[in-house]
Every structure is written in structure tokens, then in C-alpha cells.
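> Quick one: the structure is below, questions incoming.
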Amino acid sequence: MVDVVIVPATRGQLGVLPGHVATIAELKPGIMSVHDGNGVTKYFVSSGFAFVHANSFADIIAVEAVPLDRIDASLVQKGLAEFTQKVNSASTDLEKAEAQIGVDVQSALNSP
Amino acid sequence: MAMAALRREGRRFAPSSPPPLLDASALLIEHHVPFGARSISTQVVRNRMKSVKNIQKITKAMKMVAASKLRAIQIRAENSRGLWQPFIALLGDTPSIDVKKNVIVTVSSDKGLCGGINSTSVRLSKGLHKLNSGPDKEPKYVVVGEKAKVQLIRDSRKHIHLTISELTKIPLNYTQVSVLADDIIKNVEFDALKIVFNKFHSVVSFIPTVSTVLSPEVVEREVESGSGKLGELDSYEIEGGSTRGETLQNLAEFQFSCVMFNAVLENACSEMGARMSAMDSSSRNAGEVLDRLTLTYNRTRQAAITTELTEIISGASALEG
């Protein structure tokens, strides 16, 4: 039993409390935080889905989920710089899209 | 005297050789007999014993290897079960749904010597195929793994759409399976995907299982009809602005890759467990054969010694007598 779960949906942060209407939400890379009485646990999810069922059960399925304390900030900065550079130097649409995805992920990692 | 001794010891060599003229000629009798006819050879039995002992050692080693691989992969398989459970919670499980285009994905191993698990998977797949065949719906096969390919190619070659082998060359990971799932979705038209694999219950029990993944169009159809779990899908709000159709499409692809990942892991576990028990019974069997051969060997050896002794003694007593 937890109080709130905040998930990074495609249109922004979605906060789920008990009694939330049944929802299917697609996730984009970002921070997911679970608040219960004692504190907050934060995870970085790469992408996936969040289902909220009518009986106040929420399922979050992510391709990859990492607890935040396992992430190295300096590597994130390096990755961000690398991908920003790739976006600027990308020639085809596909390369641009891939580099843009990299930038999105790295800046989301960077944000907390 | 010699003649009397010969007569006493039996007529074995008397007719085949001329009667001896001298007392010491008891030994000469041996010249008239084909070489080695009287020595009983243990060489054949000894060779067999050596090969059976080697088989026992090899199968015992294979069992150890399979046991260690099983330990590593079992944890991963049990953890991966949580991947598809939310999908069942949302969409329910409808294995008996009636659709036109069925695709049966059979998961099997590449290597043999693992008991009967591949045969059970193939039998289940063929049963499903028969069940779902009708006037205008022919199920297609996608085969993962060499062993099922060999068995299915024999009689269902024209129904096989795609085969994948050497999946376990590098340790299994989600990326690899998602690429595979992507491939299958792109190349095969389907209304329902039925994934056949062996679910790992325990080291001695593997249950052939079928997991069903429906295509977004079929899900939409079921939602409209309003029956069962899927009928309640309407009550779910779609967050994010995409239509329900698009969300369902993404959901179906994700569900398929999750279910495939779990299926491949469980099948690998079952393969290791089955190989362990097959190699164990094989080495036990080899031990029993070795015991019986040892008895035969000892009997043969003792018979040869007895024969030699008998000859010497009879010869000696012929000399005295």
C-alpha cells in the first residue's frame, strides 16, 4: 500500500492515488517515484506502460528500470553532450531521430 | 598310461590328434589344435567395459554442467514472470478465441539429449494446428530452435513461415528477444499468436503451455462485443492523447515481446532440467550395464584360469600316471 505513484507519461507527469480512474498510460523515459509513508523511492524507467485498474491496483511495466542511486551523474553529462552533438551533425532523418531520443533520455536522467 | 589318462580326461582332444607315442607327448597334443582355440578371450568384454565407463563419466559431467546452468537461468526465468502478469490483469487470457489467422510460435532447444520436452512441444503445436484448421483458416508456424524445426519440417513444411535458430548462443537478454519479436510481427500477418513452450515448474516437472497474444484489431473487436475481461477495457481512460487503436497496437507489440522473453527463458530452464534428469538416468543405466559386464568379465576370466589349471593338472597326472 503506497500513497502516490508519479509516472512519466508521454504528455507529462501522471500522479496516481488510490481510487484513480482506470487508465492505460504510455510512458516516456523519465523518473518514476513511489511515495509511501516513510519516504520516496525513485527509479528511472526507460519506457513502457502503466495500467491503473479500477480496484486501485497499478501495474507499471518498463523495458528497463533502474533505482536512481545506481546512476552515475558524470556519465549522464557526458552522454548528454555526446547526443546533443550527434543531433546537430545528423544527416538523415533516422539518425536525427535516434540522436534526439538519446538527448531526451539523457536530459531526463539529468533532471532530478 | 597316457592313453588311460586321455580316456579319463575326456574325449576332447583324443579324436582330433593321433594317439601319443611318448609320455612327454601330452604337451605335443597342443600342436595339432588350431592356435588359441582353447584360450577364452576377455578382450571383447574389456573393450565394452572401457567404453561404458567412459559413457558413464561423460553423462555425469553433462549432468553437472546442466545443473549449474539451470541455477543461473532459473532466477531470471522466475523474475521474468512478472513481465506478462500485468497484461493478463488488463486484457485477460483467451486461449480459445476463434480467429482466422493463427500463428503458432513453437519454442524449442537447439541441442539434443534433453529428454522429451521438444517432442511434447511439437505434439502440442500440431494439436493446436489441427484444432484451428478450418475451411479458410490455416495456422502458420514460426519455429524457434533446431529440434522443433527438424520435426515439423517432416510433415508440415509448407506451413512453416519462419525459423530461427541458435538463439542461445549468447546469453539471453531482452534486447535480442525484442528484435526477434519485432521481426515476427513485421513479417507475419496474425490475428492471434499462440506461443508454445515448456513452463518450468520444478527440476523434474515441465508443463507444456500455450500463451495467447491477440492483435490490436481482434482486441478492438472483443471490446466492442463487451464480453469477458476485454469488454471492460472500455472503462479504461487512455492517457496521452493517442487513440485507443494506437495504444492497443503498442500494447500488443510490447506484450508479445514480454511473453516471448518469458517463454524463451522458461524453455531454456526446462531444457536444462530435462537434460539433467536424462543424463542422470543415462549414467545410472551405464553403471548397471558396467556391473553386469564386470560379472561376465570375471566369470570369463575364472573359466579361462580353470581351463588352464585343468590342462596342466591333467597333463601332469598323465605324466605320473
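The values are calculated or read from the model by the stated rules, or taken from the named source; none is laboratory data. All values derive from a computational prediction rather than experimental measurement. Ideal geometry is used to build each Cβ from the backbone, glycine not excepted, and the neighbour counts take in all protein chains shown.
> Can you give me the ranges of the strands (runs of 3 or more DSSP E) entirely in region A:5-67 with at least 2 residues that are within 8 Å of chain B (Cβ to nearest Cβ)?
It comes to A:23-27, A:48-52, A:58-62.
For every residue, the table says whether it meets (1) closer than 23 Å to B:ASN262 by Cα; (2) of a type in the set (D, E, K, R); (3) crowded, with 16+ Cβ neighbours inside 10 Å; (4) assigned by TED's automatic domain parsing to the domain that holds A:ALA99.
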residue: A:GLY19; (1), (2), (3), (4): no, no, no, no
residue: A:LYS28; (1), (2), (3), (4): no, yes, yes, no
residue: A:GLY37; (1), (2), (3), (4): no, no, no, no
residue: A:PHE51; (1), (2), (3), (4): yes, no, yes, no
residue: A:ILE60; (1), (2), (3), (4): yes, no, yes, no
residue: A:GLU82; (1), (2), (3), (4): no, yes, no, yes
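> Being of a type in the set (S, T, N, Q) and touching a strand residue (DSSP E or B) at 6+ places or on another chain (Cβ under 7 Å) is true for just one of A:GLN106, A:GLN100, A:GLN85, A:GLN13. Which residue is that?
A:GLN13
> Search region B:65-84 for residues being buried (at least 17 other Cβ atoms within 10 Å of the Cβ) and within 14 Å of another protein chain (Cβ to nearest Cβ), and hand back the single one that is farthest from A:PHE57 (Cα to Cα).
Per the stated criteria, the residue is B:SER80.
> Evaluate the following for A:PHE44: is it modelled with pLDDT of 75 or more and surrounded by 15 or more Cβ atoms within 10 Å (Cβ to Cβ)?
Answer is yes for this residue.
> Might you check whether a residue that is modelled with pLDDT under 85, in a helix (DSSP H, G or I) and touching a helix residue (DSSP H, G or I) at 6+ places or on another chain (Cβ under 9 Å) occurs anywhere in region B:47-65?
Within region B:47-65, none of the residues are modelled with pLDDT under 85, in a helix (DSSP H, G or I) and touching a helix residue (DSSP H, G or I) at 6+ places or on another chain (Cβ under 9 Å).
> Of the residues that sit in region A:68-78 and are charged (D, E, K, R) and assigned to a helix (DSSP H, G or I), which one is farthest from the other protein chains (Cβ to nearest Cβ)?
Filtering region A:68-78 down to residues charged (D, E, K, R) leaves A:69-70, A:72, A:78.
Retained after the next criterion (residues that are assigned to a helix (DSSP H, G or I)): A:69-70, A:78.
Working: A:ASP69: 20, A:ARG70: 17, A:LYS78: 22 Å.
Taking the candidates together, the pick is A:LYS78.
> Please return the ranges of strands (runs of 3 or more DSSP E) entirely within region B:85-167 where 2 or more residues are surrounded by 14 or more Cβ atoms within 10 Å (Cβ to Cβ) and in contact (Cβ under 8 Å) with a residue 60 or more places away in the chain.
B:102-107
> Inspect region B:146-167 for any residue being at positive phi and in contact with a Ser or Thr (Cβ under 8 Å, 6 or more places away or on another chain) and give the result as yes or no.
Looking for residues that are at positive phi and in contact with a Ser or Thr (Cβ under 8 Å, 6 or more places away or on another chain), one finds none in region B:146-167, hence no.
Table: residues versus (1) aromatic (Phe, Trp, Tyr); (2) assigned to a helix (DSSP H, G or I); (3) within 14 Å of chain A (Cβ to nearest Cβ).
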position: B:GLU217; (1), (2), (3): no, yes, no
position: B:SER242; (1), (2), (3): no, no, yes
position: B:GLN249; (1), (2), (3): no, yes, yes
position: B:ALA263; (1), (2), (3): no, yes, no
position: B:GLU266; (1), (2), (3): no, yes, no
position: B:MET272; (1), (2), (3): no, yes, no
position: B:ALA286; (1), (2), (3): no, yes, no
